[in-house]
Amino acid sequence: MTPRVSTSGSESGQVLPNRTSGERDASQPQVRGQAEPSFANATNTLKFRGGGTAAVLTAVGIPMFMVTLDNLVVTTALPVIKTSLGASLTDLQWFVNAYTLSFAALLLTMAALGDRIGRRRLFLAGIAVFTVASAACALAAEPWQLTAARALQGAAGAAVMPLSLTLLAAEVPARLRNAAVGIWSGISGLGVAVGPVVGGAVTDGLHWTWIFWLNVPVGLLALPFVAVVLRESRGGAGKLDPLGLVLSAAAVFALVWGIVHGEDRGWTSASVLVALVGGVLLLAAFVAWERRAAAPMLPLHLFRSRGFSAVNTVALLFSAGVFGAIFLLAQFMQISQGMSPLEAGVRTLPWTMAPMVVAPLAGLVLIRRFGTRALIITGLALLSVALGWLAAVSTMDVTYGTLVAPLMLAGVGMGLEFAPMSTVALGSVPPDLHGVASGTLNTTRELGVAVGIAMLASVFTANGDYGSPAGFAAGLQPAVWVGAAVVAAGTVIAFLLPRTRV
């Protein structure tokens, strides 16, 4: 599909795909009086198009759910794994960080590789490697073996996550794309939501290795299904950019490593400073190279689009404020409220499960009615209020009933973010750059998660401690207030997004 350059609309020079007859310009408001599709009609359209759209959603959703689930599923099993493998506290950190680091570092690289060598091909390879790595995790007899297998899982997950969105956008008809992205976002949110719950339940009822064994049959069933349902697609650039691939992966790895270890090793320690400074220098080298590369893996002209630049900034602040707060609130329920990991995971479900309902609704109906910018601003505002509410009431003796309303409000706000942000990112670039756009947005989110956890953990340490329920509550409150302020800053920046209805 050949792109054209629009000289009108909310962004001068915005690149939009040619439209076939009957498709409406996404940047133009809906004609007054035009029938607004109902949630039921939109759902029926998705379900009864010969099974095509539903099959595509299943093909991209199941592997993506498996990857997002494993991002957090190991956290509640760490005490049991420590005893089983004789692991140290450092080992426990690496069981989590090995996945996070390789995942974040390779997101953009895998998206760019998929554009060159084939998105479905790399998606299938990612599923296969993730399945093998999951079995290796379950078979690990030494801490270093589990760390290595988790790193391999993260690398494979980096191929699955961004390409699932790119393949979905390529397969689904334009008029159904926002609804499909909303459902995709809900599936992604479900993986994050139930990760700690599944980890706790499996560990309590079976054996910790089953949190990894469960992936094996899922992966084996997904491979032939994906191969049959999805078609191959590629991006516009034909040549690889090996130096760009190396520089981007090294820069993100160094930055995330420094951020993750800043709190426990000290922000002024030699290793952390080397990682952070090195990451910044590598990032500068990456930008300089991409400016001159004949076939850059990340075309920097994409950031001339106000929508693309703004949505990535908003995604960074959203992830930093929200996931930094979730990291501490989950521990608050255990340390200050005396809950087990499984009980704490279940009690966060009013927050983490709400996006499962709200995100598909946003993609199916609300984007058409209100536009992407309005939803993003509203979602961020609700999240900021919810975090401030949680910070105000999270004392040592707070009852769980007091927390339910702000947790639900946060979940609604989060659900309003996923589909519109993905829609803006994809809509700001031509179709042959959807892979790069998805990879960039997911990398930005992962950086935000790392930054947010490190930043809010530092605020927590400066004001409280893990030694007592009262000490934890004293550190939690100012940290979550900071998270609320970060999300509020994202709300302000969201006003820079273009006004669009789709």
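Computing the accessible area with a 1.4 Å probe over protein heavy atoms, can you report the carbon and sulfur percentage for segment 81-194?
Percent of accessible area from carbon and sulfur atoms in segment 81-194: 66.
Could you sort ASP115, ASP264 by their accessible area in this structure, using a 1.4 Å probe and putting the largest first?
Greatest to least solvent exposure: ASP264, ASP115.
Report the net charge of residues surrounding LEU167, where surrounding means a beta-carbon distance below 9 angstrom and charges are Lys +1, Arg +1, Asp -1, Glu -1.
Local charge sum for LEU167: +2.
Within the set of other residues whose C-beta is less than 12 Å from the C-beta of ALA285, count the net charge using Lys and Arg as +1 and Asp and Glu as -1.
+1
Using the beta-carbon distance between VAL80 and ALA294 and R0 = 56 Å, what value does 1/(1 + (r/R0)^6) give for FRET efficiency, to the nearest 0.05?
Using R0 = 56 Å, I get an efficiency of 0.60.
Once label points are set 7 Å from the Cα along Cα→Cβ at both ALA55 and LEU220, what is their separation, rounded to one decimal in nm?
Output for this residue pair reads 2.4 nm.
Any chance you could run the full-extension gain for VAL274 through ALA405? It's 0.36 nm times the residue separation minus the Cα-Cα distance, nm to one decimal.
42.8 nm
Sort segment 319-414 into rounded, prolate or oblate with this rule: let a ≥ b ≥ c be the square roots of the eigenvalues of the Cα gyration tensor; rounded if a/c is under 1.5, and if a/c is not under 1.5, prolate when a/b is larger than b/c, oblate otherwise.
Prolate is the answer for segment 319-414, as a/c is 1.5 or above and a/b outweighs b/c.
Just subtract the alpha-carbon distance of LEU240 and ASP465 from 0.36 nm times their residue separation and send over the number in nm, one decimal.
76.1 nm
If a/c stays under 1.5 just call it rounded; otherwise compare a/b with b/c (prolate if a/b is bigger, oblate if not). Do that for segment 124-171, with a ≥ b ≥ c from the square roots of the Cα gyration tensor eigenvalues.
Taking the square roots of the gyration eigenvalues as a ≥ b ≥ c, segment 124-171 is prolate.
For segment 207-366, what class follows from the C-alpha gyration tensor (a ≥ b ≥ c being the square roots of its eigenvalues): rounded when a/c is under 1.5, otherwise prolate if a/b is larger than b/c, else oblate?
Oblate, because a/c is 1.5 or more while a/b does not exceed b/c.
Percent of accessible area on segment 277-332 owned by carbon and sulfur, 1.4 Å probe?
Carbon-and-sulfur percentage of accessible area, whole number: 70.
Tell me, what is the per residue accessible area of segment 73-146 in Å², probe radius 1.4 Å?
Accessible area per residue: 35 Å².
Using R₀ = 45 Å, calculate the FRET efficiency as 1/(1 + (r/R₀)^6) where r is the Cβ-Cβ separation of TRP213 and PHE495; round to 0.05.
Working from the Cβ atoms, E equals 0.40.
Report the local net charge at GLN477: Lys and Arg +1, Asp and Glu -1, summed over other residues whose C-beta lies under 15 Å from its C-beta.
-2
Just the accessible area per residue of segment 245-317, please: how many Å² with a 1.4 Å probe?
Value for segment 245-317: 47 Å² per residue.
Accessible area per residue for segment 431-502 in Å², computed with a 1.4 Å probe and the full protein assembly in place, what is it?
35
The values are calculated or read from the model by the stated rules, or taken from the named source; none is laboratory data. Note that the coordinates shown come from a computational prediction; the quantities given were computed from them, not determined experimentally. Cβ atoms come from the backbone with ideal geometry, glycine included; neighbour counts cover every protein chain shown. The area values use the complete protein model at the heavy-atom level, side chains included, leaving out ligands, DNA and RNA. Shrake-Rupley method; radii C 1.70, N 1.55, O 1.52, S 1.80 Å.
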